[in-house]
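The values are calculated or read from the model by the stated rules, or taken from the named source; none is laboratory data. Please read all numbers here as calculations on a predicted model, not as lab measurements. Quick reminder, even Gly has a Cβ in these numbers, built from the backbone with ideal geometry, and neighbours come from all protein chains shown.
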Amino acid sequence: MSMVQNLKMIRVLKIVALFETFKGLLGLFAGVAVFFMTHQNIQLTAGKLVRQLHLNPEHTFSKIIIEAAANLTDNRIRFLVFFALLYAFMRFVEAYGLWFARRWAEWFALISGCVYLPIELFELAKGFTWLKIGLIVINLVVVLYMAFVLKHSEKAKMLKKHLEKL
C-alpha cells in the first residue's frame with residue numbers, strides 16, 4: 001500500500017475514532033443523567049421529558065417510556081448507570097486505539113459493529129424510520145471499512161515480511 005493510501009486510511013480511522021468518542025460521550029451523559037435520577041420520581045420526570053420533546057403522550061413510544069420509568073427501582077437505575085459507563089469506557093478505549101491505528105482496535109471496531117447489526121435490523125423490521133436506516137448505514141460503513149483496513153494491513157505486513165527475506 002502506498003504512503004498516500006496509508007495516510008488516507010489513518011485519516012479515516014481518526015474520523016471513526018471521533019465518532020466512537022461521540023458515542024462514548026453520549027453513553028457517559030446518559031449514565032450521569034440516569035444517576036441523578038436516583039431517588040426521584042422517574043415516572044414524573046419521564047412524563048415531563050415526553051412533553052418537552054413535544055411527543056404525543058398517547059403514542060405507543062411515549063407510553064413505553066413512561067411505563068418503563070415507573071418500573072425503575074434504585075437497583076435497576078444503578079445497573080443502567082453501570083452499563084452506560086461501561087459502554088462509554090469501551091467506546092473511549094476503542095476510539096483511543098483507532099486514533100493511534102492499533103490493530104486490536106480495528107478488530108474491536110469490526111466485531112462490535114457486527115454485534116449491533118442484527119439488533120439494528122431487528123429494530124428496523126419492527127418499524128421503518130430514517131433514524132434507524134441512518135444508524136444501520138453508518139454502522140455498516142464502519143464495519144465494511146474496518147474489514148477493508150484489516151485486509152489491507154495484513155497484506156502490507158505480509159509484503160513487508162517477504163521483502164525482508166529478500
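Of all the numbered requirements in (1) in contact (Cβ under 8 Å) with a residue 24 or more places away in the chain; (2) assigned to a helix (DSSP H, G or I), Met37 misses one, and that requirement is (2). Scanning the stretch 4-48 for residues that are hydrophobic (A, V, I, L, M, F, W, C), closer than 26 Å to Ala70 by Cβ and surrounded by 15 or more Cβ atoms within 10 Å (Cβ to Cβ) yields Leu28, Ala30, Val34, Phe35, Met37, Ile42, Ala46. Please determine, by comparing only the residues of the stretch 62-105 that are outside any helix (DSSP H, G or I) and touching a residue at least 24 places away in the same chain (Cβ under 8 Å), which one is farthest from the chain's Cα centre (by Cα). If we take residues in the stretch 62-105 being outside any helix (DSSP H, G or I) and touching a residue at least 24 places away in the same chain (Cβ under 8 Å), then Leu72 is farthest from the chain's Cα centre (by Cα). If you check Leu110, Leu124, Leu131 for being under 19 Å from Leu13 (Cα atoms) and out of contact with any strand residue (DSSP E or B) (no Cβ under 7 Å at 6 or more places or on another chain), only one passes: Leu110.
Restricting attention to the stretch 128-149 and to residues that are in contact (Cβ under 8 Å) with a residue 40 or more places away in the chain and farther than 16 Å from Val115 by Cβ, the residue that is surrounded by the most Cβ atoms within 10 Å (Cβ to Cβ) turns out to be Val149.
If we scan the stretch 22-29, do we find a residue that is in a helix (DSSP H, G or I), more than 14 Å from the chain's Cα centre (by Cα) and modelled with pLDDT of 75 or more? Checked against the condition, which is being in a helix (DSSP H, G or I), more than 14 Å from the chain's Cα centre (by Cα) and modelled with pLDDT of 75 or more, the stretch 22-29 yields no hits at all.
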